[in-house]
Amino acid sequence: MSNYALRIPNSLFDYAKRCAEEESVSMNQFFVMAIAEKVSALKTEAFFRERAGRAKVDRAKVILKKVRDVAPTAGDELVSVERVQEPTADYRVGRAAKAARKGKTRARKSR
């Protein structure tokens with residue numbers, strides 16, 4: 001294990017603290033998860049860049065020409081952007097109820 005003193009703006013710290021509370025994790029665990037997610041994203045990008053560099057476009061075109069032109073199996077159709085929905089009210093209420101059971105509710109600021 002290593003220690004690292006981290007200096008971040010108060011506004012970012014406050015937001016991270018709220019996020020950690022919502023996830024019911026410690027600030028330390030929240031920061032470790034955030035760093036791990038970023039490192040993972042960077043490694044994934046590097047992996048795909050390396051893979052793309054080895055691509056044989058002509059070979060891929062030959063393979064793709066062999067694919068039959070048939071309709072997708074029921075349930076495998078592409079979903080249009082218009083059909084993608086925001087989380088439902090039931091989902092949001094469920095998340096709020098879960099937080100309330102854990103005693104993690106916050107008073108909402110009036111606008």
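No lab work stands behind these numbers, since they all come straight from the coordinates. What you see is a predicted model; the values in this text were computed from it and never measured. Backbone-built Cβ (ideal geometry, glycine too); neighbour counts: all protein chains shown.
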If packing is taken as the average count of other Cβ atoms within 10 Å, what order do 8-19, 45-56, 60-71 fall into, highest mean first? 8-19, 45-56, 60-71
In Hz, Karplus ³J(HN,Hα) per residue of region 14-21 (6.51, -1.76, 1.60; θ = phi - 60°; x = Gly, Pro): 4, 5, 4, 4, 5, 4, 4, 5
